[in-house]
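> Structure below; questions to follow.
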Amino acid sequence: MTMVKQAYQSRWAARLDFPSLQSRLACLGIESCFYHDGDDCVTALSPKALFCRRMCQAKRHCQSFLTKLAKDSIEDPAVTHRSCLPGAFTVVAPLCKSDHDTSVVLGCFLTDSLGPSEELLRVAGRLELDHTALLSSVVAQVRHQPEDLDLLVELLADIAEDFRLRRAEQLDQVDSLTRSLADTYEELSFIYKLNNAMNVTANPREYFQQVAADFRELLAVKAVLVVIFPEALSSGQQQNSIIHSGVLAKSAERIVETIHSRILPKDRCAVRTDMTHCPTYSATVDGLGHILLAPIIRNERPLGMIAAMEPLDGRRFDNIDCTRLSSVANSAAVFLENFRLYGGMHQLFLGSLRALTSSIDAKDPYTSGHSERVALISKRLIELQGLPASEADRVYLCGLLHDIGKIGVPEAVLRKPSRLTPYEFELITHHSSIGAKIISGIGEMEDLVPAVLHHHERMDGRGYPDSLRDEQIPFRARVLCVADSLDAMTSDRPYRKALPIRLAEVEIFRGSGTQFDPALVELIPKLNLSEYLAELKANGTSYVPDNIYEPINSLAGKLAGA
């Protein structure tokens, strides 16, 4: 507790700049010290004059007298001075007074009436001081007469008031600078979060939802609204995407319509502040209050707009707000442009992969569309697991590429209508290792290699190429194993016809724990595989045989008849 108190006293002393005030009083022949309400004693008590220095150092004489005078003056403002010895006076004046901070300055001075009195002799004896030496030190210190007391009381009060006002101005400047630094920190923190969130793979709605929430907090406004035009996303949608954070005065659609018609035209704006790349508009709109708006523009192409609505403290938007909003709008434009470019590159990438997998499927017409179906089934399994969309996308790529190694397997083996010989089967098993080698040299696909390499491993360790068991098998490979088997059983092959979906699902459950991961098998009923494959067949995206929809009882009868 003592350390905390000392630290507080130190901050209080620094704030009041005692040396400056002491120096000013010393020029008037006044020794000074200070007291803060609640302290045990006065501070900065270090007199320069010989008489006061001797008295101060003797058994806390001055400390006790000054502390009591200071406390009395705080309790009773009428107490403005006292005498510690005949001809020696101390005046006191408030430096600041409030409910939480009360302090005073005390000033001591000697007059020429201080002489060899009985009281001086008694005090010197009690303090064990040589009264002759004390009296000899008085002469050099005396600069005032007893009748100067009232004038010095008034003078100290004026000096203290002037000092307090000057310090108050300085504190206001410090507070202003502190607030400015705090605002700057918040702005830098916001920009940092904005840049971190600017991941080209991020979902635009999620990105702008976060931007709106953070920017609303930064500007302290009732709401922030972001509008993204359809052409900005290249997604084929026809309507604006509207994202907002906070409470809107009207529906978002109505506000957007109002903003378009009343703010964007330059001649309708109450205020217009031009920025280098992104102008901002400020206006008061009936029913909406004060709005600050910036269009989102990239390469002179409008992509959307962002609006901050109604400051919470009733203030008007200023140039700092304009600059901040302009920066956010420019960042949003960069994000949308990058997202559009990334989307185009991603589609080109997927198109190349599909062309590659189609070339593999072309070696075996019976497996046409197999890679795409495995990719989609795998992706759905990941989604049912509740895993992030980014993981579902990566597993989708694993599905597209899982059989890429068949490019190194002879077509005669792939198309053979009868049972494979041990040598031919061994050739087939090499396709997973070949596929892993093919994609291992591509940096962006390194994380897909384990799934492609091990998608034929089994939970009981009887798979290939490494006979891995249980958790040794990479999770993505276990997903591919289920999806691959499902599609293989529901597709025509040279050596058999496709199984109905119901029977294929039964076979998957039969392999739970031996061939397949039980946790993934439990998801099979949630796949709605029959609806999904029917949708593929209706859209003509892949070849799906008709007989996979045959009821299981009908197939059982055929098997019994055979």
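The values are calculated or read from the model by the stated rules, or taken from the named source; none is laboratory data. Here the structure is a predicted model, which means the values were calculated and not measured. Ideal geometry is used to build each Cβ from the backbone, glycine not excepted, and the neighbour counts take in all protein chains shown.
A quick yes/no check of all residues on (1) part of a loop (DSSP other than H, G, I, E, B); (2) within 60 Å of the chain's Cα centre (by Cα); (3) surrounded by fewer than 14 Cβ atoms within 10 Å (Cβ to Cβ):
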| position | (1), (2), (3) |
| --- | --- |
| Ser46 | yes, yes, yes |
| Cys84 | no, no, no |
| Ala140 | yes, no, yes |
| Leu151 | no, no, yes |
| Ile159 | no, yes, no |
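> Based on what the data block shows, is Phe425 surrounded by fewer than 23 Cβ atoms within 10 Å (Cβ to Cβ), assigned by TED's automatic domain parsing to the domain that holds Gly511, closer than 19 Å to Ala519 by Cα and aromatic (Phe, Trp, Tyr)?
It is false that Phe425 is surrounded by fewer than 23 Cβ atoms within 10 Å (Cβ to Cβ), assigned by TED's automatic domain parsing to the domain that holds Gly511, closer than 19 Å to Ala519 by Cα and aromatic (Phe, Trp, Tyr).
Conditions (1) modelled with pLDDT under 80; (2) touching a helix residue (DSSP H, G or I) at 6+ places or on another chain (Cβ under 7 Å); (3) closer than 30 Å to Thr258 by Cα, marked per residue:
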| position | (1), (2), (3) |
| --- | --- |
| Leu188 | yes, no, no |
| Lys193 | yes, yes, no |
| Arg205 | yes, no, yes |
| Gln209 | no, no, yes |
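> Let me ask another. Listed residues Ala78, Ala93, Ala88; which is over 19 Å from Ser64 (Cα atoms) and not charged (D, E, K, R)?
Ala78
> Please go through region 478-487 and give me each residue that is free of Cβ contacts under 8 Å to residues at least 40 places away in the same chain and surrounded by 21 or more Cβ atoms within 10 Å (Cβ to Cβ), ordered by number.
If the condition is that a residue be free of Cβ contacts under 8 Å to residues at least 40 places away in the same chain and surrounded by 21 or more Cβ atoms within 10 Å (Cβ to Cβ), then Cys481 is the only one that fits.
> Among residues belonging to region 54-64 that are surrounded by fewer than 19 Cβ atoms within 10 Å (Cβ to Cβ) and at pLDDT 85 or above, point out the one that is farthest from Ala168 (Cα to Cα).
The qualifying residue farthest from Ala168 (Cα to Cα) is Ser64.
> Inspect all residues belonging to region 96-105 and state whether any of them is in a loop (DSSP other than H, G, I, E, B), more than 56 Å from the chain's Cα centre (by Cα) and among the polar types (S, T, N, Q).
no
> Condition first: farther than 15 Å from Val374 by Cβ, part of a helix (DSSP H, G or I) and not charged (D, E, K, R). Now tell me which residues in region 473-516 satisfy that.
Matches in region 473-516: Phe475, Ile501, Leu503, Val506, Phe509.
> So if I check each of Asp403, Asp393, which one is under 21 Å from Pro450 (Cβ atoms), in contact with a Gly (Cβ under 9 Å, 6 or more places away or on another chain) and among the charged types (D, E, K, R)?
Asp403
> Could you please let me know if Asp460 is closer than 26 Å to Pro410 by Cβ and in contact with a Lys or Arg (Cβ under 8 Å, 6 or more places away or on another chain)?
no
Listed here are the residues, each with its yes/no results for (1) out of contact with any helix residue (DSSP H, G or I) (no Cβ under 7 Å at 6 or more places or on another chain); (2) modelled with pLDDT of 70 or more; (3) assigned to a loop (DSSP other than H, G, I, E, B).
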| position | (1), (2), (3) |
| --- | --- |
| Ala232 | no, no, no |
| Gln237 | no, no, yes |
| His260 | yes, no, no |
| Met275 | no, no, yes |
| Ala283 | yes, no, no |
